[in-house]
Structure formats: structure tokens, C-alpha cells
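**Q** Once you've had a glance at the structure underneath, I'll fire off some questions.
Readers should treat all values here as calculations from the given coordinates under stated rules, not as data from a laboratory. Small disclaimer: the values here were computed from a predicted structure and weren't measured. Because the Cβ atoms are built from the backbone with ideal geometry, glycine has one as well, and the counts that use them run over all protein chains shown.
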């Protein structure tokens, strides 16, 4: 499985745009790039997923360059409630004939702290 | 649509005892995965069940086991508890679609072993 590298922590202020970059040099052809958010003592929450180029939903955007060796999660106008750990994952839950069923590999994540 | 539910939410056990945790996936989701989260090791995959069969297993000792019922509900069991088993145990469900990494996590069961 592809290993990911992301900053250990980031600080921001309310109303700013936050960009968290993740590098994944060994990404495989079948792999998707997925971001999860986790608050203390809660399960991770799916934020966004992409394969290439740009994906946008109601809470975030995901930018993936052509070589797919990195990705950037963009959170527009963060608020205090966005303070959480953000995980970048590379992989896919199920591959026909593969052994990755149901397994997500989480790294250490990025602790985002939003200040007033 | 109701989310993933886990029971109990909190549990205190004594070393050497066994424990059973329960997970009800989102309706229609047939894949259920279990994870252990500790401050030192982070989130680690335990195992995954689909259609009552274990399809994948992480690197945990045999004291950790699980099963899935015909209604997709799942249980995990830890026997002969050790202090190091204190953790947040998370269950996640997903629709068995190819090419996706979208899992829906429950709130977790906080297990404390004394």
C-alpha cells in the first residue's frame, strides 16, 4: 500500500482558507486518494475522494496533479469547528482478486488548529 | 438513513476477562471493518467481514476475533484482556463497490482494561 506523508500540524485562523498537502510517491494505478476528518473520541468522517484532477463537494476541494504523487485538501473559510485531525489515505477498499478488502491504512494525520 | 451504531459506548474490564463489542452497519452496507485506535499506534485495521465471511485480517493476535451475522451486524471479541488492549474500537461499514475508499465509521467503543 502506498505510504503517505503529511504535515504533523497546522495552524490557521477563522475565515482563512487552509490547504493541507499530502505526498504519496508510490501510488498505484487503482488507488484513490481519500481524506478523512476526526474529532477527539469520535470515528473518522469521510470528507472527499478523488482519482485525478479536481474534485469539489460542499465542504472541501481536492486537487490532484497529473502525476498523482501528491494531493492537496483545501478547506475554504475554516471555522473553530474545523479543528480536528485530517488523514490522507491512498488505496482502495476492494480490488478484484486482491487482498485489500475493507482495509484503510491511516497515517499519523495532520492536526489542524483553527484560532479565533 | 441511520448511521453506524456501536454498543456499548464505554466499557471497563479487568485484565484476563473477555469482551464482546457490537456494530450495526448502515442499512444496505454489507462490508464491516473493525479498527483499533490508541495514542501510540494510531488507527490500525483489525479485520473485515462481508457476507458473514472474514475477507481480510490485520496483524493482531488470535485473541481478537469477530463474526458477522446474516443481517450484516457484526461483533468482535477480545479474550484474555491485557492492559494494552485499552483503546477506542471503531467499526466502519461500506457499500461493496469497487474502486472506492469511502467508509462510514461509528462513534466507537472506549474500552478500558484495568
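**Q** Compute the distribution of all C-alpha to C-alpha distances in the protein assembly as shown, in bins of 10 Å from 0, and list the percent of pairs in each, rounded to whole numbers.
**A** Binned Cα distances yield the sequence 8, 32, 35, 20, 5, 0.
**Q** Expected output is a single nm value to one decimal: the length gained when fully extending between residue A:5 and residue A:29, i.e. 0.36 nm times separation in residues minus the C-alpha distance. What is it?
**A** 6.8 nm
**Q** Related question: For peptide B:41-54, what's the mean number of Cβ atoms from other chains within 10 Å of each residue's Cβ?
**A** Average neighbour count from other chains, rounded to a whole number: 3.
**Q** Same structure, new question: Using the scaling law 2.2 N^0.38 Å as the reference, what is the normalised Cα Rg of region B:36-75?
**A** It is 1.27.
**Q** Something else now. For chain A, rounded, prolate or oblate, judged on the Cα gyration tensor with a ≥ b ≥ c (square roots of eigenvalues), a/c < 1.5 rounded, else prolate if a/b > b/c?
**A** Prolate is the answer for chain A, as a/c is 1.5 or above and a/b outweighs b/c.
**Q** Using a Gaussian network model on chain B with a 10 Å cutoff between Cα atoms, which of B:49, B:89, B:104 fluctuates the most?
**A** Comparing B:49, B:89, B:104 in a Gaussian network model of chain B, the most mobile one is B:104.
**Q** Among DSSP beta bridges whose residues both lie in the protein assembly as shown, state the antiparallel percentage, nearest 5.
**A** 90 percent
**Q** Okay, next question. Mind giving me the FRET efficiency for residue A:45 and residue A:21? R0 is 25 Å, r the Cβ-Cβ distance, nearest 0.05 is fine.
**A** Once rounded, the FRET efficiency stands at 0.80.
**Q** Distance from a point 7 Å along Cα→Cβ of residue B:67 to each backbone N in region B:12-34: keep the residues under 15 Å and list them by number.
**A** B:19-23
**Q** With every atom except the alpha carbons ignored, what do you get for Rg and Dmax of region B:1-45, in angstroms?
**A** 13.1, 39
**Q** According to the square roots a ≥ b ≥ c of the eigenvalues of the Cα gyration tensor, what is the shape class of chain B, taking rounded for a/c under 1.5, prolate for a/b larger than b/c otherwise, and oblate for the remainder?
**A** Judged from the Cα gyration tensor, chain B comes out prolate (a/c at least 1.5, a/b above b/c).
**Q** Could you state the number of Å between the C-alpha centres of region B:50-102 and region A:44-76?
**A** Answer, in whole Å: 28.
**Q** So for the pair residue B:82, residue B:102, with labels modelled 7 Å out along Cα→Cβ, what separation do we get in nm?
**A** Once both label points are built, they end up 3.8 nm from each other.
**Q** Report the FRET efficiency, 1/(1 + (r/R0)^6), for residue B:22 and residue A:83, where r is their Cβ-Cβ distance and R0 is 30 Å, rounded to 0.05.
**A** Step by step, r from the Cβ atoms, then E = 0.45.
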